[in-house]
1. Which one is farthest from Gly564 (Cα to Cα), of the residues in the range 219-234 that are open to solvent by 10 Å² or more (accessible area, probe 1.4 Å) and within 10 Å of the ligand (Cβ to nearest atom)?
2. Out of all the residues in the range 185-218, which are more than 12 Å from the ligand (Cβ to nearest atom), open to solvent by less than 10 Å² (accessible area, probe 1.4 Å) and more than 13 Å from the chain's Cα centre (by Cα)?
3. For the range 587-622: of the residues being outside any helix (DSSP H, G or I), in contact with a helix residue (DSSP H, G or I) (Cβ under 7 Å, 6 or more places away or on another chain) and within 20 Å of Gly353 (Cα to Cα), which is farthest from the ligand (Cβ to nearest atom)?
4. Where residues in the range 268-314 are β-branched (Val, Ile, Thr) and within 22 Å of Gly146 (Cα to Cα), which of them is surrounded by the fewest Cβ atoms within 10 Å (Cβ to Cβ)?
5. Name the one entry in Arg410, Arg397, Arg386, Arg350 that is more than 10 Å from the ligand (Cβ to nearest atom), closer than 18 Å to Leu490 by Cα and open to solvent by 20 Å² or more (accessible area, probe 1.4 Å).
6. Can you pull out the helices (runs of 4 or more DSSP H) entirely within the range 164-260 that have at least 1 residues that are touching a residue at least 40 places away in the same chain (Cβ under 8 Å) and within 24 Å of Ala130 (Cα to Cα)?
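The values are calculated or read from the model by the stated rules, or taken from the named source; none is laboratory data. For clarity, every value in this text was computed on a predicted model and none was experimentally measured. Using ideal geometry, Cβ is built from the backbone for each residue, glycine included, and neighbour counts are taken over all protein chains shown. Side chains included, ligands, DNA and RNA excluded: accessible areas come from the protein's heavy atoms. Shrake-Rupley method; radii C 1.70, N 1.55, O 1.52, S 1.80 Å.
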Amino acid sequence: MSGQEPLAGLVAALLADDGSKTWPGAVPGRLGSVLGTMPAPARAGVRAAAAAVDAYAVVRTGRRLRGLAPHARETVLASLASRRSLLPVLDAVKVPVMLAAGTERMIHEEPAPPPVSAPQDPPLDCVPSAEWPDRSTADAVVVGSGAGGAVAARTLARAGMRVLVLEEGRRHTTAEFGRRTPLDRFGELYRDGGGTVALGNPPVVLPVGRAVGGTTVVNSGTCYRTPDHVLTRWRDEFGLGLADADSFGECLDEVERTLQVATAPLDVLGRNARTALLGAERLGWQAAPLRRNATGCKGSCQCVVGCPTGAKQSVQLSVLPDACAAGARIVTGAYVQRLLVEKDRPGGPRACGVLVRRPDGSELEILSPLVVVAAGALHSPPLLRRSGLGGHPRLGRNLAIHPAASVAGRFQEPVTAWRGVLQSVGVEELHSDGILIEATAGPPGMGSFVLPGVGRALRRELDGAESLATLGAMIADLPSGRVLGARRTLLRYDLARRDGERLMRAVEAMGRILFAAGAQEVLTGIPAAPKAYSQDELRETLRGLSAGQLHLSAFHPTGTVALGADPQTAPADTEGRLRGVQGVLIADGSALPSCPEVNPQLTIMATALAVSEAAASVAQRA
Ligand SMILES: Cc1cc2nc3c(=O)[nH]c(=O)nc-3n(C[C@H](O)[C@H](O)[C@H](O)COP(=O)(O)OP(=O)(O)OC[C@H]3O[C@@H](n4cnc5c(N)ncnc54)[C@H](O)[C@@H]3O)c2cc1C
């Protein structure tokens, strides 16, 4: 049986392809490329599901899905979808299919967007690892060029140190973003094609970036300052002096200046934003356009696949050029296998550099007395374990992810949510209860919201996607997750009961906003109960469901090498130094002691600034 045949059959069935339009026929090919970027288990899972559905069709009808008439395919799929236990499986398979379908539909049916003249990106001193010598030295190496790594590199370089940034991904330019389809960029900019999943009930999709600029290249550009109550907790409960409101406030100010943070103007926000504002206003709820690092944003709604106009000031356009101007250099395609550690020194073990693998498998070594670990909260713990530095019992634990659920509302008039700012409005009414709602859309098929149904029902949803407005809500979670593994990252996340309840409240609250704005129906994102036609019905429906039935995603992993005063509970000390070894600084999302309760990039950058300033002043005194 050819591997493509069952996939093509499943796609034809899911999209009710009756041959009347050309784009569904192109979806299997596109899906093949999507799967090609995903990790082998995810790929195998989708193919196995397709093969199982195909085999089921043979048992029921004597023919394979692809050979069936459209109505017969529909019957086979409807029979599977009627079994509640299979709904989550079908839903999981739909995610990559929708990615491919959204792209093909857009290419074939939407007018091509006007060409954008991409500005020249500011210069970076990037050298591919293939061209970097096998042995070299630096005053500091920074592993990872994302939010935290970029700021640490700039701070240390400005302090006069010879800094090398080592980044596994490659450099992508704004001009490239303008030339390629969103889906082509998606597969390349995200680690494992965006298919990172934390296992648990429910499983949570947890995508992270891999590129010069890290996850900031693909983030939505929302800029929240760390809330005061979070800083107070970090100072009082975790003994973090750096969380003092005044000094941390200065770090946040500095980061905001660099990223040119400002409130997005109303005229570019788009209808998705205006719908959220209207609904909140009618409820008397607190809501406003979000502050963002994208002055000059044209509302192309593609932040999560690399901004094609260069408006979003992700760190490869803002912080890293400053770092390079101060002398830092970036080695790309440089996977840090492990830190080099001198174990038998009189003062205790000390990091002395890193061992790096090039894409062709060859290795290079960089000697350096300071190693800044900024591989992101999901990848710093495995790196430390690979280096023999994973001994602290809390390393890899304490993972908070700020889990998110999405809801959509159908309106009489077109909303065309993918024209405008991708993440545009914040509804803060329930923030004191740990629920932050943001109007968030995405290129078709690429948002976190999964359209309900299969076959003709799904096709109707896809064809009517213009009239949907979408909201997402994140909840401040307990650190219920864990990063396992050394060679590869493995994730476990067990949603706490309290957080499950918060998520259900969040879904209901999003429904209220949409109904208040005039939605005719609300799509819950829950396969077992996909629609409600009134707020009362939504409330009633949700009462019978649990958060385990939600389709969850998360974008903000933190806390896995947390800073803190207590050596028993915090793997790193209050100035970011990894305990048990000298010369290792933690400067990424893993450093945060708990969920920051808002989109975290400013908090991560301000923390990286604080710890790297402290390290630079120690180095200058030495
Ligand atoms: C879709 C999406 C939307 C988001 N939107 C927002 C938003 O609007 N606002 C906000 O505040 N936050 C947002 N975030 C989150 C925010 O971007 C991240 O929290 C932040 O970038 C994390 O910073 P970091 O330094 O911890 O890691 P990253 O920025 O993830 O950087 C880590 C880097 O390390 C590299 N690396 C890993 N391992 C190695 C290794 N062994 N060797 C070499 N390099 C390695 C990776 O390739 C990566 O480039 C979003 C995230 C996602 C996924």
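1. Here the residue is Ser220.
2. Passing the criteria: Arg185, Pro202.
3. Ala587
4. Thr295
5. Exactly one residue qualifies, and that residue is Arg397.
6. Correct list: 174-179, 182-189.
Quick grid of which residues meet (1) touching a helix residue (DSSP H, G or I) at 6+ places or on another chain (Cβ under 6 Å); (2) modelled with pLDDT of 95 or more:
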| residue | (1), (2) |
| --- | --- |
| Gly347 | no, no |
| Cys352 | no, yes |
| Leu367 | no, yes |
| Gly390 | yes, yes |
| Ile401 | no, yes |
| Gly409 | yes, yes |
| Val427 | yes, yes |
| Glu438 | no, yes |
| Ala441 | yes, no |
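Matching residues to (1) of a type in the set (Lys, Arg); (2) surrounded by fewer than 23 Cβ atoms within 10 Å (Cβ to Cβ); (3) touching a helix residue (DSSP H, G or I) at 6+ places or on another chain (Cβ under 9 Å):
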{"position": "Gln4", "(1), (2), (3)": "no, yes, yes"}
{"position": "Gly9", "(1), (2), (3)": "no, no, yes"}
{"position": "Trp23", "(1), (2), (3)": "no, yes, yes"}
{"position": "Pro39", "(1), (2), (3)": "no, yes, yes"}
{"position": "Ala50", "(1), (2), (3)": "no, no, yes"}
{"position": "Thr61", "(1), (2), (3)": "no, yes, yes"}
{"position": "Gly67", "(1), (2), (3)": "no, yes, yes"}
{"position": "Arg73", "(1), (2), (3)": "yes, no, yes"}
